[in-house]
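Notes to accompany the following structure.
Bear in mind these aren't lab numbers, they're just calculated from the coordinates by the rules spelled out. Please read these numbers as outputs of a predicted model, since none were measured by experiment. With ideal geometry, Cβ positions are generated from the backbone for all residues, glycine too; neighbour counts draw on all protein chains shown.
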Amino acid sequence: MAEDILYQSDGRASALPSPDAAPLLEMRDVTKRFGGIAALRNVDFSILEGEVHGLVGENGAGKSTMMKIIAGVYADFEGEMFVGGKPVHFRSAREALDAGIGMVHQELSVVPDLTVAENVFLGHQPVMAGGLIDWRRMNRTARTQIASLGLDIDPTTRMGALPVGLQQLVELSRVLFSGAKIIILDEPTSALSPPEVERLFGVLRQLREQGRSLIFISHFLDDVLEISDRVTVFRNGERVDTSPAAALTKDEIISRMIGRGSAEMTMGEETELLGDDTKPVVMEVKNISDGKGLADVSLSLRKNEIHGIYGFMGCGQIELSRALFGKGNLRGGTTILDGKPVRFRSTAAARRAGVAYVPENRSMMLFRTEPVFKNMSISILDRINRIMLRPKAERRIATGHIEDLQIRPPRTDIDLGNLSGGNQQKVALAKWLTHLPKALILVEPTRGMDVGAKEDVIRIVKALRDKGVAILVLSTEPETILTLADRVTVMKKGRVAREFTTGHLEKADLLSAA
């Protein structure tokens with residue numbers, strides 16, 4: 001394979017497939033519409049053999065739409081597509097997979113109630129004579145396949161018992177096992193800790209050396225620049241630029257993504273904490289444990305304050321958030337709300353008490369095939385529809401939220417699944433805005449978003465704080481914590497590792513404490 005040698009800013013040589021080589025996949029003049037709205041307009045795109053091609057753009061810019069066309073999810077589009085120089089038009093994901101194209105979606109497609117091995121072999125389990133599944137062979141092969149990613153996971157483990165980051169790596173293993181030559185990765189690092197990202201990048205480099213081609217979609221621009229050979233930028237449904245990654249900087253990419261300078265759009269690397277112990281305590285936990293991911297955790301949420309919880313994947317954040325919303329099974333400790341001990345035996349009980357929750361996986365609380373207004377009103381139906389449904393009232397409330405939160409497109413009746421990830425997150429927040437909660441728990445509130453959508457969500461969260469809501473933000477992204485939090489708790493292996501209340505705090509401090 002012909003290669004050019006480029007040199008990155010730190011002097012490292014980067015092998016780049018020759019742009020004169022015939023593309024392994026090519027798209028010409030591709031347009032995709034949803035109900036008259038063009039999500040893609042006259043797009044040209046190509047990927048070479050043995051290339052990692054980064055794809056960036058704001059939420060709604062058209063990246064995921066184009067990838068779903070390539071992966072056979074969307075069959076109705078205008079334009080031409082070629083694989084290996086031959087024209088193709090996939091009618092299903094199975095046709096694309098048969099042609100050597102696999103995709104790891106941002107919203108995972110794993111089956112949580114099946115084992116890890118069953119997920120790896122989903123749809124093509126090995127069978128013995130007589131048609132019975134060869135469980136021993138399946139588990140043995142799955143263990144080997146997963147180990148190739150540097151993972152030590154029991155293949156008989158139930159998939160839903162794994163953290164989201166590990167589930168994502170198992171799904172990547174499934175796509176690799178299919179033999180795909182072109183692999184689409186949609187936000188593959190968004191749920192991973194720094195060590196997991198490095199492990200993933202090692203695997204991707206090995207795949208590139210094997211001649212596989214990788215399309216790497218991410219809002220983590222540092223990750224894109226580190227792993228990609230070329231980078232394509234999308235804006236408003238159009239491809240605006242394709243350049244060698246070694247010739248780009250983060251600020252240049254952001255400028256091309258948003259069409260203006262990026263200084264006001266970057267998230268913080270440091271902050272001045274403003275924790276105030278004189279503010280009233282709204283919610284508090286003392287020495288809570290669950291016998292698994294939590295051990296002797298104590299913290300408090302105060303009115304008009306954002307309390308950030310930082311840590312790597314698996315540090316206990318998810319278990320803590322679920323326990324506070326009545327989803328965990330606590331074995332010890334005390335939870336106090338408005339000065340009174342409480343024990344939520346269900347999420348409904350927590351909601352009635354004034355606790356709201358937005359999980360790390362939006363699909364857990366949203367209905368993608370239902371319109372926006374229904375997704376917003378679901379949490380308050382008992383207040384506005386005591387006897388019978390009142391769609392007009394639901395739409396009126398949704399219209400106000402759409403305007404306030406700048407949700408795009410600004411329509412109450414569009415199915416939620418047609419919105420970008422950032423706009424879906426705004427809908428998830430809007431569920432709790434009609435009647436403000438006492439405490440709001442947000443897990444990874446800006447994960448998988450472009451810089452513009454992150455700014456919008458940050459503005460919304462801070463506005464809720466200023467209205468008196470006590471907010472807990474849990475994130476594996478230090479920039480999110482530094483941008484939002486008034487005080488910070490760092491967790492490690494299910495315990496509180498360090499607390500920061502006031503004064504100067506830098507990203508390095510968080511990484512060191514975690």
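Figures for the structure shown
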read-out: Net charge over other residues, Cβ less than 9 angstrom from the Cβ of Arg447 (K, R count +1; D, E count -1); value: -4
read-out: Helix-only mean residue ellipticity at 222 nm for the chain, each DSSP H run of n ≥ 4 adding -39500 (n - 2.57), per residue, nearest 500; value: -8500 deg cm²/dmol
read-out: Positive-end extreme of charge dipole, the chain - chosen from Met103, Leu185, Asn329 (charges on Cβ); value: Asn329
read-out: Of all DSSP beta bridges in region 421-514, antiparallel share, percent nearest 5; value: 50 percent
read-out: Among beta bridges that DSSP assigns inside the chain, antiparallel share in %, nearest 5; value: 60 percent
read-out: Taking Glu198, Glu51 and counting other C-beta atoms within 10 Å, the order from fewest to most; value: Glu198, Glu51
read-out: Reach of Lys32 by Cα under 22 Å, taken over lysines that are not fewer than 8 positions away in the same chain; value: Lys63, Lys68, Lys86
read-out: Convex hull volume of the chain per residue (C-alpha atoms, cubic angstrom); value: 166 Å³
read-out: Residues Leu200, Leu114, Leu40 arranged by fewest to most Cβ contacts within 10 Å; value: Leu114, Leu200, Leu40
read-out: Ranked Thr278, Thr399, criterion: other C-beta atoms within 10 Å, fewest first; value: Thr278, Thr399
read-out: Segment Lys507-Lys86, extension gain: residue separation times 0.36 nm, minus the distance between their alpha carbons; value: 146.7 nm
read-out: Estimated dipole of the chain in Debye, rounded to 20 [Cβ of Lys and Arg +1, of Asp and Glu -1, Cα centre]; value: 2460 debye
